[in-house]
Amino acid sequence: MTSGLWQNWVLPGIWITVQLTLYSAALATAVAFGVGMARTHRSKAVRFLAAFYTEVFRGTSALVLMFWLFFVLPPLLGWQLVPMWAAVLALGLSYGAYGAEIVRGALNAVAPAQREAGVALSFTPWQRMRLILLPQAVPEMIPSFGNLAVELLKGTALVSLLGVGDVSFAAYLVRLATQESAQIYTVTLVIYFVLAFAITRSMKALERKTKANLGVVVK
C-alpha cells in the first residue's frame, strides 16, 4: 500500500470512524439515560412509552433503520439527510435502546433503603435520582457501557454501505486500487483493535475514578 493511498483514503477514513463513534455514542448516551430513567418512573404511562421505545429499537436492524432514515424519510419530510447524520441517528437510537436497559438495571440495583432515605429527607424524585441513585448506579454502568461502546465502534462499519468514507469503505477502495486484500484488511483489523483498546482503557480509567469517589477500589 502506497503512502498516497494511506494519506488520501485510510487516514481520513480513520478520522470519520472516530467522529461517527463519538457522535453516535453521545446520542446513545443521552437516549440511554433519558429512556433508562423513564423505565423507573412512577407513572405507568411513562414506563410504557419508555419500554415501547426500547423494544422497538432493540428489535429492529440498525442497518435497515439507517437505510430507512436515508431513503424513506426524506420524501416524507421533504428534506434530505446527509449519509453521515443518517448513520449517527440510526446508530445512536439503536444502541441507546440497549444502553437504556443498562441504566434501568443499575438504577434498580441500588438498595431500596437508599430510596427510602431520600424520601425520609423529603427529597423530590429528581433530587433522589440526582443525589442518591445516579452517583451509586453510574459506576456500575460503566463496564457495560464500555462493551457497548466497542460494539458501537464496530457497528460504524455499516455506514460504508451508504458510501460514507469510514475506514471500512477506505479499505474497500484500497483493495480495488491495489487488487490486494490481505494487507489492507489486516491493517483495518489492527486499526479497529487499537481504537477498541483505547475505548476499553478509557472506560476502565473512568470506572476507577467514579468508584474512587464512592470509596471503592477497582483492581
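The values are calculated or read from the model by the stated rules, or taken from the named source; none is laboratory data. Please read all numbers here as calculations on a predicted model, not as lab measurements. Positions of Cβ are backbone-derived with ideal geometry, glycine not excepted, and every protein chain shown enters the neighbour counts. When the accessible area is computed, the model is the full protein with side chains, heavy atoms only, and any ligands, DNA or RNA have been set aside. Shrake-Rupley method; radii C 1.70, N 1.55, O 1.52, S 1.80 Å.
Of the residues examined, F70 is one that is assigned to a helix (DSSP H, G or I) and not hydroxyl-bearing (S, T, Y).
When K209 is tested against (1) surrounded by fewer than 18 Cβ atoms within 10 Å (Cβ to Cβ); (2) among the charged types (D, E, K, R); (3) touching a Pro at 6+ places or on another chain (Cβ under 8 Å), just one condition goes unmet, and that condition is (3). Scanning segment 43-59 for residues that are within 12 Å of Y98 (Cβ to Cβ) and either in a loop (DSSP other than H, G, I, E, B) or touching a His at 6+ places or on another chain (Cβ under 9 Å) (or both) returns a single hit, G59. When V138 is tested against the conditions (1) without any contact (Cβ under 8 Å) to a residue 40 or more places away in the chain; (2) out of contact with any Lys or Arg (no Cβ under 6 Å at 6 or more places or on another chain), the lone failure is (1).
With respect to A28, is the statement that it is part of a helix (DSSP H, G or I), within 16 Å of K154 (Cα to Cα), open to solvent by less than 50 Å² (accessible area, probe 1.4 Å) and touching a helix residue (DSSP H, G or I) at 6+ places or on another chain (Cβ under 8 Å) true? When the stated conditions are applied, A28 passes them. Checking G146, G165, G155 one by one, the residue that is under 25 Å from the mean Cα position of the chain (by Cα), of a type in the set (G, A, S) and not in a helix (DSSP H, G or I) is G165 and no other.
In segment 181-201, the qualifying residues are those that are open to solvent by 70 Å² or more (accessible area, probe 1.4 Å) and in contact (Cβ under 8 Å) with a residue 12 or more places away in the chain, and the one that is nearest to A149 (Cα to Cα) is Y185. Of all residues in segment 68-80, exactly one satisfies the criterion of being surrounded by 13 or more Cβ atoms within 10 Å (Cβ to Cβ), over 20 Å from the mean Cα position of the chain (by Cα) and of a type in the set (A, V, I, L, M), namely L73.
Taking each residue of segment 66-82 that is over 16 Å from V159 (Cβ atoms) and looking for partners that are of a type in the set (D, E) with beta-carbon atoms closer than 9 Å, six or more apart or interchain, yields nothing.
In segment 164-175, what residues are out of contact with any Phe, Trp or Tyr (no Cβ under 7 Å at 6 or more places or on another chain) and open to solvent by less than 80 Å² (accessible area, probe 1.4 Å)? Full working, then the answer.
To start, the set of residues in segment 164-175 that are out of contact with any Phe, Trp or Tyr (no Cβ under 7 Å at 6 or more places or on another chain) comprises 164-169, 172, 175.
Answer for segment 164-175, where residues must be out of contact with any Phe, Trp or Tyr (no Cβ under 7 Å at 6 or more places or on another chain) and open to solvent by less than 80 Å² (accessible area, probe 1.4 Å): V164, G165, D166, V167, S168, F169, R175.
Of all residue pairs spaced 6 or more apart or on separate chains, none has beta-carbon atoms under 8 Å together with a first member in segment 25-49 that is farther than 15 Å from P125 by Cα and a second member that is of a type in the set (D, E) and loosely packed, with under 15 Cβ neighbours inside 10 Å.
For segment 41-60, the count of residues that are more than 14 Å from the chain's Cα centre (by Cα), modelled with pLDDT under 95 and crowded, with 17+ Cβ neighbours inside 10 Å is zero. When the criteria are applied in full, A109 meets the requirement of being without any contact (Cβ under 8 Å) to a residue 60 or more places away in the chain, touching an Asp or Glu at 6+ places or on another chain (Cβ under 7 Å) and among the small types (G, A, S).
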